[in-house]
Amino acid sequence: MVAPLPPVPVVELDLQLDYLARGESMTADMRDFRDAAVAIMKRSDKAAILNIPKANYYIRGQRNITAAARLADPKKPHYVFESIFKVTMLKDLEILGNGATISLDWQQRFGAFELHGSVATSRRAQPPQYVAEVGPVLDLCDATGPMIVTDLNFVTLQDKLVLGNEYRDTGRQVGGSSIVLEACPGAHLSRITTEGMPLDGITICDQKVKRKLGEITIIDNVHS
């Protein structure tokens with residue numbers, strides 16, 4: 001009888017060593033988070049440990065992903081910006097924050113606006129034309145196994161929601177989440193803080209999927 005092969009260890013990736021993130025609170029690190037997400041998504045085992053060394057990582061320059069929709073429908077109610085770290089259909093992911101801080105640039109304003117296709121900014125003197133959905137920072141979707149995030153701090157200096165012109169407050173929530181868990185059974189958030197998030201610091205959705213799989217989301221020492 002052939003003995004079963006031992007389980008293959010989950011690969012561990014390091015945001016600084018493998019993706020050259022600076023963590024200096026001045027140099028933008030957003031591309032490094034994106035590169036890490038792409039590499040994890042390409043893995044055949046759909047599993048990884050992402051180690052984020054303790055530092056202050058600076059996020060800026062999110063790209064509007066609805067430009068084509070804007071051309072097709074000029075009255076579309078708001079802009080939506082791409083996530084900073086987005087993964088889907090993973091079997092196993094553990095993000096070790098080690099007390100690191102992820103800071104949004106002050107231009108990455110929740111409820112910010114774009115004028116004439118420029119980058120969303122709060123520096124403009126003109127009234128805003130459109131609201132914008134900025135973030136989320138960590139976007140975890142449609143997992144088939146545990147998603148674990150520990151020991152991370154999220155900070156933005158902008159804590160005001162701006163709604164302008166014909167799109168003034170109509171009851172629509174404009175998302176501003178540091179973490180989104182969508183259809184992630186058995187997720188576990190531990191030692192997470194969010195500061196300056198005017199709306200949803202953490203969003204958990206699609207609970208029906210969790211119930212079907214008999215799993216729950218564990219939240220331990222989370223402050224938002």
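The values are calculated or read from the model by the stated rules, or taken from the named source; none is laboratory data. Just so it is clear, the structure is predicted and the values come from calculations on it, not from any experiment. Cβ: placed from backbone, ideal geometry, glycine included. Neighbour counts: every protein chain shown.
Here are the numbers for the structure shown:
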item: Enumerated strands (runs of 3 or more DSSP E) restricted to the stretch 13-97, each holding at least 1 residues that are among the hydroxyl-bearing types (Ser, Thr, Tyr) and modelled with pLDDT of 80 or more; result: 24-28, 56-59, 85-88
item: Subset of the stretch 1-12 that is β-branched (Val, Ile, Thr) and surrounded by 11 or more Cβ atoms within 10 Å (Cβ to Cβ) - its residue that is modelled with the highest pLDDT; result: Val11
item: Pair list, Cβ < 6 Å and 6+ apart or interchain, from the stretch 27-51 residues that are loosely packed, with under 15 Cβ neighbours inside 10 Å to residues that are among the hydrophobic types (A, V, I, L, M, F, W, C); result: Met41/Val87
item: Subset of the stretch 134-151 that is over 28 Å from Ser44 (Cβ atoms) and buried (at least 24 other Cβ atoms within 10 Å of the Cβ) - its residue that is modelled with the highest pLDDT; result: Gly135
item: In the stretch 173-207, residue modelled with the lowest pLDDT [restricted to those that are assigned to a loop (DSSP other than H, G, I, E, B) and of a type in the set (Asp, Glu)]; result: Asp200
